[in-house]
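Encoded as structure tokens, the structure appears first; notes follow it.
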Amino acid sequence: MRRSFLCALLVLALAGCGGHAAARKVKAPVARVKVTRAPVVMVLGDSYTAGIATMPPEKSYAAEAARRLGWQIIIGGYRGTGFVAPGRIGKTFATLYDEELAWRPAPDLVVVSGGHNDSSKSPALVVAAAQGLLAKIKQRWPDTPVVVLGPMWGGDPPPAALSVRDAVQSAAAATQVPFIDPLQEEWITGSVKLGTGNAPQYIRADGVHPTSAGCRYLGGRFVSALQRLGLATPSRA
């Protein structure tokens, strides 16, 4: 009996020790996982950005840049439009901005790309319209960086292209917005018709719009330009 009693006490003692030990166990800290969010980028533009019937926006240079940089992209605009040019839909960039982009939550970057269709318009009108649009965007989203991508061309730019480029660049400078200049940087050179430069490789037979290869190429040039500006991975201030 005495031996059984001592064994029982030993069992109870061990059980008690185990219970206290369990109570003293400290839970391992849970590692905190930092959730990263893809930058939201809005791009407003003409056919180079918004596409044409045979080249949808998801195939444009802007979409190509978004895929390379991991953006969530929202593309606004329409072919044939510009800062002053209303295109066949009768809407300028300012109207398209109001209808398609301005009502959305603040993005991490806004890109305004165009001017090609304004080459026949008064430079003074282009400056005023572009400056007004850029000021409106900055007022709407004061913490969001804005960049202007000047007019693109399907080859060596004529004097009218350089004139509208100067007007858009002037508006960007007046509103303190960075300006990317595809004409100065010679993204596209030569002529499709003459078979010179890189135009035959990247531009369609119409001499204006990029091919699928051209969109990928322009997207790469755009990415490089944004990297130089420190805007490849944008965020609100």
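The values are calculated or read from the model by the stated rules, or taken from the named source; none is laboratory data. Quantities reported herein were computed from a predicted structural model and do not represent experimental measurements. Don't worry about glycine lacking a Cβ; one is built from the backbone with ideal geometry, like all the others, and counts go over all protein chains shown. Quick note on the areas: whole protein, heavy atoms, side chains included, nothing else; ligands and nucleic acids left out. Shrake-Rupley method; radii C 1.70, N 1.55, O 1.52, S 1.80 Å.
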Looking at this structure, is Thr144 at pLDDT 95 or above and closer than 19 Å to Ser235 by Cα? yes
Between a residue in the range 103-125 that is free of Cβ contacts under 8 Å to residues at least 40 places away in the same chain and crowded, with 22+ Cβ neighbours inside 10 Å and any residue that is among the charged types (D, E, K, R) and not in a loop (DSSP other than H, G, I, E, B), which pairs come within a Cβ distance under 7 Å, given they are 6 or more apart or on different chains? none
Can you find a residue that is at positive phi, of a type in the set (D, E, K, R) and surrounded by 13 or more Cβ atoms within 10 Å (Cβ to Cβ) anywhere in the range 149-158? no
Take the residues of the range 170-201 that are farther than 18 Å from Asp118 by Cβ and assigned to a strand (DSSP E or B): which is most open to solvent (accessible area, probe 1.4 Å)? Thr196
Among the residues of the range 160-169, is any crowded, with 16+ Cβ neighbours inside 10 Å, under 22 Å from the mean Cα position of the chain (by Cα) and among the hydroxyl-bearing types (Ser, Thr, Tyr)? no
Among the listed residues Arg216, Arg204, which satisfies the condition of being closer than 19 Å to Ser47 by Cβ, open to solvent by 30 Å² or more (accessible area, probe 1.4 Å) and touching an Asp or Glu at 6+ places or on another chain (Cβ under 7 Å)? Arg216
Apart from one, (1) in contact with a Leu (Cβ under 8 Å, 6 or more places away or on another chain); (2) open to solvent by 20 Å² or more (accessible area, probe 1.4 Å); (3) more than 22 Å from Pro123 (Cβ to Cβ) all hold for Val223; the odd one out is (2)
Conditions: (1) acidic (Asp, Glu); (2) within 30 Å of Ala102 (Cα to Cα); (3) surrounded by 15 or more Cβ atoms within 10 Å (Cβ to Cβ). Asp143 meets all but one. Number of the miss? (3)
Filter pass, Gly150 being of a type outside the set (A, V, I, L, M) and touching a Pro at 6+ places or on another chain (Cβ under 7 Å): yes
Of the conditions (1) surrounded by fewer than 15 Cβ atoms within 10 Å (Cβ to Cβ); (2) under 12 Å from the mean Cα position of the chain (by Cα), Tyr61 fails just one. Which one is it? (1)
Filter the range 39-71 down to the residues that are of a type in the set (Gly, Ala, Ser) and out of contact with any strand residue (DSSP E or B) (no Cβ under 9 Å at 6 or more places or on another chain) and list them by number. Ala53, Gly70
Quick one: would you say Ser120 is among the small types (Gly, Ala, Ser) and assigned to a loop (DSSP other than H, G, I, E, B)? yes
